1. Would you point out which residue out of Leu132, Leu117 is closer than 19 Å to Arg51 by Cα, among the hydrophobic types (A, V, I, L, M, F, W, C) and under 16 Å from the mean Cα position of the chain (by Cα)?
2. Of the numbered conditions (1) under 23 Å from Leu19 (Cβ atoms); (2) at pLDDT 95 or above, Leu151 fails exactly one; give the number of that condition.
3. Scan the helices (runs of 4 or more DSSP H) fully inside region 121-206 and keep the ones with 2 or more residues being among the small types (Gly, Ala, Ser).
4. Taking the residues in region 145-192 that are over 13 Å from Leu112 (Cα atoms) and among the acidic types (Asp, Glu) as candidates, determine which candidate is surrounded by the most Cβ atoms within 10 Å (Cβ to Cβ).
5. Could you please let me know if Ser198 is under 18 Å from Leu82 (Cβ atoms) and of a type in the set (Ser, Thr, Tyr)?
6. Could you list all residues from region 110-144 that are of a type in the set (S, T, N, Q) and surrounded by fewer than 22 Cβ atoms within 10 Å (Cβ to Cβ)?
7. Go through (1) within 10 Å of Val9 (Cβ to Cβ); (2) over 13 Å from the mean Cα position of the chain (by Cα) for Leu69 and report which single condition fails.
8. Cβ-Cβ distance below 6 Å, separation of 6 or more or different chains: which pairs start in region 72-95 with a residue that is over 11 Å from Pro153 (Cα atoms) and end on one that is open to solvent by 30 Å² or more (accessible area, probe 1.4 Å) and modelled with pLDDT of 90 or more?
Amino acid sequence: MRWTAVIPVKRLAAAKTRLQVAGMDAADRRALALALAVDTVGAVCGCAAVRRVMVVTDDVEAAMTLEPLGVTVVGDEPDAGLNPALAHGATQAARLAPGDGVAVLSADLPALRAAELAGALRVASAHPRAFLPDAAGTGTTLLTARPGVPLDPRYGPDSRAAHRDSGAVELPGRWPSLRRDVDTPGDLAEAARLGLGSATRGLVRR
């Protein structure tokens, strides 16, 4: 099965407010949020199982930076929060490629490996809906739906339990780079141990 990946990118000015490293100002935080998205999108674009990548964002800078990577950018037309934005993106993805599954990924996976994502999607293809919890064990970094199956995103507090309760199957296995999202300096340090993508690595070094 081939997939359309949908990646929501928050407005950069409001992104990663908990990711405050010593000496970092608001401009630095925006730049870091964008670097996380660039590395995530780059890894997803390099995944053999992914046919196309769709970014859902209303941030002009993010759109202008990510579109040259080969993604389709769609606006957050509902502008009513993450779950409506993802439902909108999934609808657009199904319209473009009705025979592909839809895979939603967090935009803050700077250590993501394309081969690892391909492996997780291979396992997910056996289930109508599937998900992968984040490294903390309460959130969700990947949510998938087979062709013709509604995505039904349930992001928010304890989305792991919400997705499990909605009938989505939790994927077995470790998947370290796919589970390592970044919300805090500690998360960033853990991602660095796995190996950051070039955009985030370069920014952190500077």
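1. None of the other options fit; the residue is Leu117.
2. For Leu151, the exception is condition (1).
3. The qualifying helices (runs of 4 or more DSSP H) are 159-165, 185-194, 198-205.
4. Looking at the filtered set, the residue picked out is Asp187.
5. no
6. Ser125, Thr138, listed by residue number.
7. Condition (1) is where Leu69 drops out.
8. Short answer, once both residue conditions are applied: Val73/Glu67; Val74/Gln92; Gly75/Asp58; Asp76/Asp58; Pro78/Pro84.
The values are calculated or read from the model by the stated rules, or taken from the named source; none is laboratory data. Values in this document were obtained by computation on a predicted structure and should not be read as measured data. Ideal geometry is used to build each Cβ from the backbone, glycine not excepted, and the neighbour counts take in all protein chains shown. Quick note on the areas: whole protein, heavy atoms, side chains included, nothing else; ligands and nucleic acids left out. Shrake-Rupley method; radii C 1.70, N 1.55, O 1.52, S 1.80 Å.
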